[in-house]
Each structure stands twice: as C-alpha cells, then as structure tokens.
Amino acid sequence: MRELKILAVVVFFSLLTYYLVEPYAHHEMHKKVDAQGNEIKIESHGFTYDGTDDIIETERTGDASKLAAKEAFWADVAAVAKLEGNAAAGEAGFAMCIGCHNGANMNMGGVIPPNLDHAGAIYDKNYLIALIKDPAMASNVDHKYADTMMHPMGSIKSMMSDNQQIADVVAYMLEHKAGEVTPKEAYMEACVRCHAVRYGKLTQLGDTPAFKHEKDALAHRIKVIDEQDAVKAYMGKLPPDLSMIIRARSHHFMETFIENPQSQLAGTSMPRVGLNHEGYEKVKAYLTEVGDPSKAKREALGPIVIGFFILFSILAFLWKKSQWRDLH
C-alpha cells in the first residue's frame, strides 16, 4: 500500500506542475505591459473583426485624431456589413481585383498579391469589407504610412468607394470564391507570399519544382532570392520560415498573433491576415502537418503507453505483495 501512496503523490505533483505551476511561471515571466507598466491581457476574439483591438491600441497612444479615424472607419465597416449584397452585381466589381490577384506570382509594391480562389471560405466578411475600404487600416498597419493611399493596395479605395458596391463584391466572394479548401491551399493563399516553409518545400514563389538540370534549379533559386529581397525591403526584414512555428509557439500566441499581430508585437510590419476561424484551423493544420508530422501517431500511442504503465504498476504491486506476504 505504501508504494501506491508514493505513486499517487508523484502523479499529483507532476500534474500540479504541468497544469498549474508551469503555465503560471510562463505567464509571470512573459508578461506584456504598456508604457506605464500595466499588464496587457491579450485575448482572442474568435477571428471576428470589428476594430476593438485597433481602437484600444490607439487609445493607449493618446492620439485623439487617429482614434477618431479608427472609430469612424470600423463604424463604416459595420454599416456596410448590414447591407444586403448582390453576388451577381458584385461579379463585375470583383473582375477589377483579378488584375492583381490572379496567381501570376508578380510582385506588386513589395509582395505578391494573394490568390483569392477561396477568399470567401478562409477570410472573415468584415475583414474583406474593411480591406476594400482601406487596406492599411483593415490590416492594422496604417502606422507605416503617412497616407494610407500609399499602401500597395491603396488605389482600390478610389476605384471602389461605394458602400453597396463593396457589399456586392464581398457577397460575390462569399458565394463564388468559397468551397472546400485544403490546409495547404489555405496556407498558400494567406501566408506563403511572405513566409516560406522549407520543410514543405515552399518559398515565397510557392512550390519548389523538381528540376532536371542544376542550372535550372539555380535560376529558380535566384528568382526566390530576388523575391525575398523585395519582401525584405517592404517589410523591413525577411519574415521567418514557419516550418517549426507550430512547435515553437503556444496555441494562444498563434491565435492572437494571426488575429492581430500588433497585439503580440507592437509596431510590426506584419499585416493582419483576416482569417476566419475555419481559415485559421486550415492554416494551423498545414503547419502541424509540416512541423509536427508525427503528432497524430504520438497522440494515438500516448494512451497505450499510459495504460501499459498502469498495468505494469498493478502487476508489480501484486508481485511485491506476493513475495513479501510471508515476511509480515
């Protein structure tokens, strides 16, 4: 019986350390505070976008004019979201987007415009509205521009300024640019233009082809380097390879950072991506597949290993009891 008590004590303190002490220590050692030393609690909003974080962040700066602009912008987004969009009417408006968002892998203003084949499936409706109204404000990188028209996509504001037209284009994307999307497709459309994944053989130009001749491989490598230099010039530094990010960061960090990069890294050039919950889960699934491919097998094996140790402990206890039976 003494051994079982010892085992129970060891299990109790192991679980206490794993579920309470370690998370608490991590929280205390990685507090995020504002300029006055007050702790900032970073929370996920379920991948819905109404400008809450943007407004709170601006309030901390004390910039009244910028705060008023943020509040007016997101109020306008909310007003557009209430309009009933006409997908048929939005097709013509969406046609203007194809000039850039066409999968041609052509750098425009610093990065390659993303493909919109599954925009209606992986992006939030409010974010799509906000992105058309003002890309810099929607992405929460307006701090990079004295005039948000200077954003690489800024010209869209003058091309598509009517609220009903915006509602129609978004309705078209939600209806015709949705459908089933694979984890890799979600990552390719949302992230790859900045973040390579060497374990998945992805660069900023997409999949790395198999080349028969070395000179062709070198020529492609030069194109990748040129693209990386362009992204680095635009972003300030080359965004990191995400092969192992799923194992390097917690789920909370991943959620809050993707939802709003400024929450974890104030002043960053990384734009808000605007993924909805489904889009985030798809991207996470791809990063898990690449960075932790044995996770499913490991998790399936876990209960078997635990069951073995439980069975072994019972047998060991019974064997000890049998051997010591005549000595007590």
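The values are calculated or read from the model by the stated rules, or taken from the named source; none is laboratory data. The structure presented is a predicted model; accordingly, all values stated were derived computationally and were not measured. Ideal geometry is used to build each Cβ from the backbone, glycine not excepted, and the neighbour counts take in all protein chains shown. With ligands, DNA and RNA removed, areas are computed over all heavy atoms of the protein, side chains included. Shrake-Rupley method; radii C 1.70, N 1.55, O 1.52, S 1.80 Å.
Structure above, values below:
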{"quantity": "Sites M244 and K212 - FRET efficiency at Förster radius 35 Å, r taken between beta-carbons, to 0.05", "calculated": "0.70"}
{"quantity": "Listed residues A186, A72, A121, most fluctuating in the chain (Gaussian network, C-alpha, under 10 Å)", "calculated": "A72"}
{"quantity": "With DNA, RNA and ligands ignored, accessible area of C100 (1.4 Å probe; Å², nearest 10)", "calculated": "60 Å²"}
{"quantity": "Computed [θ] at 222 nm, helices only, for the chain once each DSSP H run of length n ≥ 4 contributes -39500 (n - 2.57)", "calculated": "-17000 deg cm²/dmol"}
{"quantity": "Ratio of the Cα radius of gyration of the range 222-328 to 2.2 N^0.38 Å, where N counts its residues", "calculated": "1.88"}
{"quantity": "Helix axis angle, 163-176 relative to the chain longest principal axis, alpha carbon, degrees", "calculated": "50 degrees"}
{"quantity": "Net charge of Cβ neighbours under 12 Å - reference A285; Lys, Arg +1; Asp, Glu -1", "calculated": "-1"}
{"quantity": "Accessible surface, per residue, of the chain when the full set of protein chains is kept, probe 1.4 Å, Å²", "calculated": "59 Å²"}
{"quantity": "Computed accessible area, W324, all protein chains, 1.4 angstrom probe, square angstrom", "calculated": "120 Å²"}
{"quantity": "Kirkwood Rh in Å, taken over all unlike Cα pairs in the chain", "calculated": "23.1 Å"}
{"quantity": "Residue order for H45, H252 - accessible surface, 1.4 angstrom probe, largest first", "calculated": "H252, H45"}
{"quantity": "Projected-area average for the range 266-326 over all orientations - Cα convex hull basis, square nanometres", "calculated": "8.1 nm²"}
{"quantity": "Highest-MSF residue in the chain out of K295, K157, K284 [GNM, Cα springs under 10 Å]", "calculated": "K295"}
{"quantity": "Cα convex hull of the range 173-228 - mean projected area over all directions, nm²", "calculated": "5.0 nm²"}
{"quantity": "Among the listed pairs K215/K295; K66/K237; K201/K295; K184/K215; K184/K232; K41/K133, those beyond 31 Å (Cα-Cα)", "calculated": "K215/K295"}
{"quantity": "D226, D63, reordered so the largest accessible area comes first (probe 1.4 Å)", "calculated": "D226, D63"}
{"quantity": "14 Å beta-carbon shell around E91, net charge (K/R +1, D/E -1)", "calculated": "-1"}
{"quantity": "Order of exposure, largest accessible area first, which applies to Y199, Y127, Y145 with probe 1.4 Å", "calculated": "Y199, Y145, Y127"}
{"quantity": "Between helix 214-235 and the chain: long-axis angle, C-alpha atoms, 0 to 90°, nearest 10", "calculated": "80 degrees"}
{"quantity": "Added length on full extension, which subtracts the Cα-Cα distance from 0.36 nm per residue, L83 to L301", "calculated": "73.4 nm"}
{"quantity": "Average Cα contact separation per residue, the chain, under 8 Å, 6 or more apart, as relative contact order %", "calculated": "20 percent"}
{"quantity": "Helix 2-16 vs. the chain, principal-axis angle (Cα, 0 to 90°, nearest 10)", "calculated": "10 degrees"}
